[in-house]
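Quick notes on the structure that follows.
The numbers here are math on the coordinates, done by the rules we state, and not lab data. All of these numbers come straight from a predicted model, not from anything done at the bench. Don't worry about glycine lacking a Cβ; one is built from the backbone with ideal geometry, like all the others, and counts go over all protein chains shown.
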Amino acid sequence: MQLAELRRIRLHVQGLRGVRAASAAGVVRDFAAVQSQEFVPAQWGLAMRVPAERRPDLAAVTAALDRGEILRTHVLRPTWHFVDPADARWLMELSAERVHRANATYYRRTGVDGEAGARALDVVTAALEGGHRTRAELAAALDAAGHPSTGLGFTYVLMLAELERVAISGANVGRQRTYAAFDERVPPSAPKLRAASLVELAARFIRSRGPVSDRDFAAWSGFTLGDTRLAFSAVVDEGGGRVETVEVDGAAHWHDVERTSAALDAPVPPSGTVDLLQAYDEYIMGYAAPRSFLQPPGRGNPVHPEFPLHALMIDGVMVGRWAPVISGRKAVVRLVPWRAFTAREERGLAASVAEVERFLGAPVTVEREPVAD
């Protein structure tokens, strides 16, 4: 399979072209977990995968989070992820032990390990019994009890509370985000064996992002290549022919046959289609570096998730950067193109900026840097 075909399939499978979820919550459910470090851009990443006639604005996505239809927590590697309430418990149970091991040194350095950590969790539990609490309110409760309430110590108390299924995202209070009791927002479910959970996660990863390599899943999930290969083998064995492999750049890639066929049968999108993706979008972060399918011809530098602005894409290839800067009831979209655009591409860019404006619900001014020689 050539990179152009790989891009076409991934764009379709990821909901940036053909297959679309009916709601922002549906996008999260399909993906199993969606990386969400930057709160507002991450919500845009959900909204843009909903059909235009049903696409929610920022207020609607935030309301879904407030209602608990979408939850946000540290899970998997860990970093911030959106998850479906029905998936939050087993995902946390699957990844918590490994994350605790990775955090162990910091628990000790910040004084939140062992009995000290258990006492801090008791304080957080008691605070959340009274309702959703802002970070400031939790910090005050921890400080009164003599536990870390600032800096890294406070950060690791909160992460410990998430991993131990004590706390998870609550409803916003104005612009402040809150924590809620885990059991209030996450429905009960029967425990799963680790192997079964890993196979389910791998199957959903392949279905929502394929074709994917084993390195893609290991990089995205944080699990080892050994775990990944066992899980992928089980997905193939249990899939009844639904999951197959194809070679891309000399490496095996797993894909869902039904979704791949739908992508290839769909009309080819017109060239010059522009996507304004957030930096941690699953079309970027769902795959391992160097992500050659994102690279424009002749540009050798790899696309890193740490670039300072978001990803300006044309036909699935990165051709520049962009950033939404929100100030009160106005916003600025800053564009940093790497090359000149054709007339068709300029029209696609204008349409995408208009979609961002509708999503933000605020007038947008465009600031554009000239193309470097």
Taking alpha-carbon centroids only, region 119-186 lies from region 211-270 a number of Å equal to 38
If you plug each phi of region 341-347 into the Karplus form 6.51 cos²θ - 1.76 cosθ + 1.60 with θ = phi - 60°, what whole-Hz ³J(HN,Hα) values come out, in order, with x for Gly and Pro?
9, 6, 4, 4, 5, 5, 5
Most fluctuating of Pro363, Pro337, Pro297 in the GNM of the chain (C-alpha, under 10 Å) is Pro297
So if R0 is 51 Å, what FRET efficiency would Glu258 and Thr150 give, r being the distance between their Cβ atoms, rounded to the nearest 0.05?
0.50
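For the chain, what does the helix formula give at 222 nm: sum of -39500 (n - 2.57) over DSSP H segments with n ≥ 4, over the residue count, nearest 500 deg cm²/dmol?
Numbers: 15 runs with 174 residues, N = 373.
Computed mean residue ellipticity for the chain: -14500 deg cm²/dmol.
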Quick one: if the Förster radius is 45 Å, what FRET efficiency do Val246 and Glu184 give, using the C-beta to C-beta distance and rounding to 0.05?
0.55
Two-site FRET efficiency, Gln295 against Ser327, from Cβ-Cβ distance with R₀ of 30 Å, rounded to 0.05
0.35
Measure off 7 Å from each Cα along the Cα-to-Cβ vector at Val268 and Ala343, then give the distance between these two points in nanometres to one decimal.
2.2
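With the Cα gyration tensor of region 24-170 giving a ≥ b ≥ c as the square roots of its eigenvalues, does the rule (a/c under 1.5 for rounded; else a/b larger than b/c for prolate; else oblate) give rounded, prolate or oblate?
Values: a/c = 2.44, a/b = 1.80, b/c = 1.36.
Prolate, since a/c reaches 1.5 and a/b exceeds b/c.
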Sort region 1-102 into rounded, prolate or oblate with this rule: let a ≥ b ≥ c be the square roots of the eigenvalues of the Cα gyration tensor; rounded if a/c is under 1.5, and if a/c is not under 1.5, prolate when a/b is larger than b/c, oblate otherwise.
oblate
Apply the a/c threshold of 1.5 to the C-alpha gyration tensor of the chain and tell me whether it is rounded, prolate or oblate.
oblate
For the pair Ala118 and Ala350, how long in nm is the line joining their label points, each one 7 Å along Cα→Cβ?
6.6
For region 69-101 and region 13-62, what is the separation of their Cα centres, given in Å?
18
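With an 8 Å Cα cut-off and a minimum separation of 6 or more residues, compute the relative contact order for the chain in percent.
Values: 616 pairs, mean separation 61.7, N = 373.
RCO, the chain: 17 percent.
Provide the gained length on full extension for the span Thr365 to Glu238, in nm with one decimal, where the gain is 0.36 nm per separating residue minus the Cα-Cα distance. It would help to have the intermediate numbers written out before the result.
Working: separation 127, 0.36 × 127 = 45.72 nm, distance 5.14 nm.
Difference between extended and current length: 40.6 nm.
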